[in-house]
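Enquirer: Here it is: the structure, laid out below.
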Amino acid sequence: MIKSLRGMNDILSEDYERFTYFINLATEVAQNYGFHFIETPLLEETALFKRSVGESSDIVGKEMYQFIDKGENDVCLRPEGTAGVVRAFVQKKLDKAGGTHRFFYHGSMFRYERPQKGRLRQFHQFGVESFGVDSVYEDATMIMMVADILKKCGIGYRLQLNSLGDQNCMPQYRDSLVTYIESVEDEICEDCKRRKTTNPIRVLDCKNTHCQNLYENAPKLINSLCNTCKDDFTKLKQILDDNNVSYEIDTNLVRGLDYYSKTAFEFVSDNIGSQSAIAGGGRYDRLVEFLDGRPTPAVGFAMGIERLMELIVMPETKRNGYYFGAMDKDSVDLIVKLTQEKRLTQKVFCDYKAKNLKKHLNAADKVNVRYCCIIGENEKKDATIWVKDLEAKSENIIPLQDF
Ligand code: HAM
């Protein structure tokens with residue numbers, strides 16, 4: 001039997017209901033915040049992700065579904081959504097147009113990671129990207145938007161916050177961190193040795209506990225911020241405080257993608273095991289420029305839909321729609337006709353096989369409809385239909401002309 005690839009799941013039945021429930025809810029929130037839908041291709045030039053997510057990141061270094069297509073182009077399945085949206089923003093010359101542009105998207109992302117609970121190779125994100133707003137109020141708004149979506153889904157969370165500085169303070173901090181790493185270099189893992197030269201701040205979120213202990217005394221970026229970054233970070237915390245969004249400062253939160261500056265944040269859940277990040281994002285003021293656009297401030301986030309589906313509290317589904325069934329073969333044509341009429345305005349299920357009443361009632365119950373409508377020999381003769389309201393638990397025989 002051919003099976004789906006490792007880390008790639010089908011979404012159907014109850015899962016699909018959760019999936020669409022989340023997309024609809026998040027879409028409504030994004031639209032209330034003034035965001036517009038954008039769809040970008042699943043396949044992009046590999047160079048797009050090398051330049052944006054960064055060659056030193058695990059995503060680009062180890063996890064890309066990359067291949068040469070029939071036209072000899074080096075392409076890959078998108079591992080995340082931001083780079084494609086920025087490419088589209090520049091390609092459509094919105095950077096030159098100026099003003100504010102806010103987008104939301106949802107769709108499949110692909111990362112060749114080691115699959116485990118909550119970690120897939122094809123997974124879905126809901127994300128938003130905001131361009132042209134050079135204000136920390138926009139960062140706070142992004143965070144509050146995630147908090148709103150999570151609250152509407154009945155999901156509890158912890159918000160972790162950090163500032164990654166900008167081109168004024170980050171290089172200086174990086175130098176002091178490299179000096180520190182060199183002082184413990186004999187003891188750190190091979191990955192950290194590599195990170196020291198490719199992107200030193202990534203050592204701070206090394207998962208190796210021995211490394212983590214060693215970095216406890218490393219200089220903290222939060223103490224090295226320049227005045228602008230420090231003021232922005234203080235303001236961000238104040239806005240969140242004013243709006244009752246609680247957070248923890250995590251000075252080791254560096255995110256797995258290289259394009260961030262200043263605000264970085266992650267929402268985590270304590271109820272889904274080790275893959276606990278349910279959303280992540282931050283500011284990326286230099287990415288538009290890196291992708292050949294006019295310098296444009298930008299900030300955004302993405303949420304992992306599969307992880308959220310584990311946590312969503314679904315509203316109780318009310319019975320709705322109709323079920324049509326016939327008790328004898330000769331009545332099947334009639335119920336098909338009634339089904340087609342009713343389908344113009346209602347959700348309708350129809351069973352084409354003649355069955356006894358009990359079997360029809362069970363089937364109607366299974367598909368959670370409100371009305372079970374049956375025609376048997378008597379009903380056919382009298383031009384009536386037997387209708388049971390499965391919610392009110394009442395039953396009636398109704399003339400077809402009134403039905
Ligand atoms: P990210 O933190 O790499 O950020 O991914 C966002 C979310 O996607 C994670 O918090 C997690 O819930 C989910 N996720 C990531 N990898 C997997 C996986 N292998 N299996 C299941 N879920 C996963 C980004 O992708 C950035 N583009 C976010 C962003 C938008 N920053 C600014 N704008």
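Enquirer: Once amide H atoms are placed 1.01 Å from N in the peptide plane, what residues at a sequence separation of 5 or more from Met64, or on another chain, have their amide H within under 5 Å of its amide H?
Expert: For Met64, whose amide H was placed from the backbone, the distant partners under 5 Å are Tyr112.
Enquirer: Take the chain, connect every pair of alpha-carbon atoms lying under 10 Å apart with a spring to form a Gaussian network, then pick out the residue of Val348, Val29, Val53 with the largest mean-square fluctuation.
Expert: Val348
Enquirer: In addition: Can you classify region 1-108 as rounded, prolate or oblate using the Cα gyration tensor, where a ≥ b ≥ c are the square roots of its eigenvalues, rounded means a/c under 1.5, and otherwise it's prolate if a/b beats b/c and oblate if not?
Expert: Numbers: a/c = 2.21, a/b = 1.02, b/c = 2.17.
Oblate, because a/c is 1.5 or more while a/b does not exceed b/c.
Enquirer: Taking just the alpha carbons, could you work out the radius of gyration and Dmax for region 99-153, both in angstroms?
Expert: In order Rg, Dmax, the Cα atoms of region 99-153 give 14.6, 43 Å.
Enquirer: State the percentage of accessible surface on region 358-403 attributable to carbon and sulfur atoms; use a 1.4 Å probe and exclude ligands, DNA and RNA.
Expert: 45 percent
Enquirer: Then there is this: Using a 1.4 angstrom probe on the protein heavy atoms only, could you order His106, His36, His210, His124 from most to least accessible area? List each step's numbers first, then the result.
Expert: Working: His106 55, His36 120, His210 90, His124 30 Å².
Descending accessible area places them as His36, His210, His106, His124.
Enquirer: When only Cα pairs under 8 Å and 6 or more residues apart are kept, what is the percent relative contact order across the chain?
Expert: Working: 692 pairs, mean separation 64.9, N = 403.
Computed value for the chain: 16 percent relative contact order.
Enquirer: With N set to the number of residues, divide the alpha-carbon radius of gyration of region 126-285 by 2.2 N^0.38 Å and report two decimals. Present the calculation step by step, with values, prior to reporting the outcome.
Expert: Working: Rg = 16.2 Å, N = 160, 2.2 N^0.38 = 15.1 Å.
Output field value: 1.07.
Enquirer: Find the accessible area per residue for the chain; the probe is 1.4 Å, ligands and nucleic acids are left out, and the unit is Å².
Expert: On the way: 20660 Å² over 403 residues.
Per residue, the chain has an accessible area of 51 Å².
Enquirer: Got a sec? What order do Tyr371, Tyr105 fall in by accessible area at 1.4 Å, biggest, i.e. largest, first?
Expert: Tyr371, Tyr105
Enquirer: Of Lys93, Lys355, which has the most accessible area and how do the rest follow, probe 1.4 Å? Working shown, then result.
Expert: Details: Lys93 130, Lys355 60 Å².
Result of the area sort, largest leading: Lys93, Lys355.
Enquirer: Helix-only estimate, please: 222 nm mean residue ellipticity of the chain, summing -39500 (n - 2.57) across DSSP H runs of length 4 or more and dividing by its residues, to the nearest 500.
Expert: After summing the helix terms and dividing by residue count, I get -10000 deg cm²/dmol.
Enquirer: Which value, in Å² rounded to 10, gives the accessible area of Leu204 with a 1.4 Å probe and all protein chains present?
Expert: We get 10 Å² for Leu204.
Enquirer: How large is the direction-averaged shadow of the alpha-carbon convex hull of the chain, in nm²? Mind showing how you got there, number by number?
Expert: Values: hull surface 107.0 nm².
Averaged projected hull area, Cα only: 26.7 nm².
Enquirer: Now for a different question. Using the C-alpha atoms of region 322-399, what convex hull volume per residue, in cubic angstrom, is computed? Present the calculation step by step, with values, prior to reporting the outcome.
Expert: Details: hull volume 6.3 nm³, N = 78.
Output value, Cα hull per residue: 81 Å³.
Enquirer: Moving to a separate point now. So, taking all protein chains as they sit and a 1.4 Å probe, how much accessible area belongs to Glu39, in Å² rounded to tens?
Expert: My reading of the accessible area for Glu39 is about 130 Å².
Enquirer: Using 20 Å as the Cα-Cα cut-off, could you pick out the over-long pairs in Lys355/Lys381; Lys358/Lys388; Lys193/Lys230; Lys62/Lys220; Lys220/Lys262? Please list the in-between numbers first.
Expert: Working: Lys355/Lys381 18 Å; Lys358/Lys388 12 Å; Lys193/Lys230 30 Å; Lys62/Lys220 28 Å; Lys220/Lys262 14 Å.
Result: Lys193/Lys230; Lys62/Lys220 exceed 20 Å.
Enquirer: Mind checking which of Asn208, Asn320, Asn162 has the largest fluctuation in a GNM of the chain, springs on alpha carbons under 10 Å?
Expert: Among Asn208, Asn320, Asn162, the largest mean-square fluctuation in the Gaussian network model of the chain belongs to Asn320.
Enquirer: What does the accessible area of Arg51 come to, in Å² to the nearest 10, when a probe of 1.4 Å is used?
Expert: Rounded to the nearest 10, that gives 120 Å².
Enquirer: Rounded to two decimals, what ratio of Rg to Rh does region 243-297 give with C-alpha atoms and a Kirkwood Rh? It would help to have the intermediate numbers written out before the result.
Expert: Values: Rg = 14.0 Å, Rh = 13.1 Å.
A ratio of 1.07.
Enquirer: What is the distance in Å between the Cα centres of region 376-403 and region 1-43?
Expert: Cα centroid to Cα centroid, the span is 40 Å.
The values are calculated or read from the model by the stated rules, or taken from the named source; none is laboratory data. Bear in mind that the values here come from a model prediction, so they are computed numbers and not experimental data. Calculation scope for accessible area: heavy atoms of the full protein, side chains included, ligands and nucleic acids excluded. Shrake-Rupley method; radii C 1.70, N 1.55, O 1.52, S 1.80 Å.
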